[in-house]
Amino acid sequence: MILDGQAPAAIDQAVQALAAGGLVAFPTETVYGLGADAGSDAAVAGIFAAKGRPSDHPLIVHVADAAAVTHFAAAVPPVAQRLMAAFWPGPLTLILPRRPGVASASAGGQDSIGLRCPAHPVAHALLTACARHQPPVAGLAGPSANRFGRVSPTTAAHVAQEFGDTLLVLDGGACQVGIESAIVDCTRGMPVLLRPGVLTRERIEQAAGEPLRLPGEMAAPDPRASGTLEAHYAPNAKVRLMDGRSLRTALDVLGNDAATIAVYARTPVRNRACRLRRMPDDAAETARQLFAVLREFDEAGVRLIWVEAPPDDPEWDGVRDRLRRAAAA
């Protein structure tokens, strides 16, 4: 059931459903999330069941503001405080030490927890209303509102395609960022970039006031985090990354036999048999439309999706990460 997320009555209905242990899909600036009361292990179990997601794979908890962090985090290191001041609300998740006895299921049983304050008015209205409810719902566990490992949803209609009419979905329009948040681990003395997003490594380092390490560079193992499996974000069709010249040559060779192939590329192609969408030259615009394009290709029934590899520039790191994982599925 899709409701207008800007309607106060819809927010009230969603809060009541969440307070009762139910699930509600809600928009963020990145993708739509499948929300449940982060403090209720029973409610969070509903997310894992609906998505078909392993229960030891942690969820990101969404909070209304930085003040709500202390409900879930045992400590907030100075680097995390600087990053929150710079980028919250916004597309950045911070991994922090978890308060014992709080949100264990949301954290996948780990002693750390991922927290984010989203920059979407509907998400903010929902989270604020949840926090004011009696008893309060301090935060919402909210992984992407899709089946586990599949393409993330960026519209309310995408969510309904995944879960049908029984799920309450707050419609907030198309997501403006389009790919999931960057994730920075702040639990080990030095910040570690576990997942890139639209925020570049340089921007995060400037706000942090220190360099970011990358996964595997620290002595201690990286914590499990959302969206970091090798194969993820995958459509039904097989995704293949190719350089522009190889893609164009392959299409020229195939000719009319390319009818079952979809192409997402910046390089002009001559083949008219394939289903073609031009990839924007701008990384942010590509991120905004990426998941919607992959879903569009799936709906067209193509068997293969050929994607031109993004430029090797920092602005494209988030898009490159999502495409690499989609191609690995």
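The values are calculated or read from the model by the stated rules, or taken from the named source; none is laboratory data. The structure presented is a predicted model; accordingly, all values stated were derived computationally and were not measured. Cβ placement follows ideal geometry from the backbone for every residue including glycine, while neighbour counts extend to all protein chains displayed.
List every residue pair whose Cβ atoms lie under 6 Å apart, where the two residues are 6 or more positions apart in sequence or sit on different chains, the first residue falls within region 274-294 and is farther than 18 Å from residue 153 by Cβ, and the second residue, located anywhere, is surrounded by 17 or more Cβ atoms within 10 Å (Cβ to Cβ) and of a type in the set (Gly, Ala, Ser). Within 6 Å, the pairs are 274/258; 275/262; 279/265.
So which of 327, 262 ends up being buried (at least 20 other Cβ atoms within 10 Å of the Cβ), closer than 17 Å to residue 151 by Cα, modelled with pLDDT of 90 or more and not charged (D, E, K, R)? On inspection, the qualifying residue turns out to be 262.
Here's the yes/no breakdown for (1) among the small types (Gly, Ala, Ser); (2) within 25 Å of residue 48 (Cβ to Cβ):
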site	(1), (2)
199	no, no
204	no, no
208	yes, no
215	no, yes
225	yes, yes
236	no, yes
246	yes, no
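Within region 173-186, none of the residues are surrounded by fewer than 23 Cβ atoms within 10 Å (Cβ to Cβ), over 25 Å from residue 84 (Cβ atoms), touching a Ser or Thr at 6+ places or on another chain (Cβ under 8 Å) and outside the structural domain of residue 125 (by TED's automatic domain parsing).
Which residues, taken from region 127-172, are closer than 22 Å to residue 296 by Cα and either small (Gly, Ala, Ser) or not assigned by TED's automatic domain parsing to the domain that holds residue 83 (or both)? Result: 144, 145, 149, 152, 156, 157, 160, 164, 172.
So that you can scan it fast, the table gives a plain yes or no per residue for (1) among the β-branched types (Val, Ile, Thr); (2) at pLDDT below 95; (3) more than 17 Å from the chain's Cα centre (by Cα):
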residue: 148; (1), (2), (3): no, yes, no
residue: 159; (1), (2), (3): yes, no, no
residue: 183; (1), (2), (3): yes, no, no
residue: 203; (1), (2), (3): no, no, yes
residue: 214; (1), (2), (3): no, yes, yes
residue: 220; (1), (2), (3): no, yes, yes
residue: 223; (1), (2), (3): no, yes, yes
residue: 233; (1), (2), (3): no, yes, no
residue: 244; (1), (2), (3): no, yes, yes
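Going through (1) touching a Lys or Arg at 6+ places or on another chain (Cβ under 8 Å); (2) free of Cβ contacts under 8 Å to residues at least 40 places away in the same chain one by one, residue 148 falls short only on (2). Applying the criterion of being out of contact with any Lys or Arg (no Cβ under 6 Å at 6 or more places or on another chain) and surrounded by fewer than 20 Cβ atoms within 10 Å (Cβ to Cβ) to the residues of region 293-308, the residue that is nearest to residue 229 (Cα to Cα) is 298. Of the set (1) closer than 25 Å to residue 113 by Cα; (2) crowded, with 21+ Cβ neighbours inside 10 Å, all apply to residue 158 but (1).
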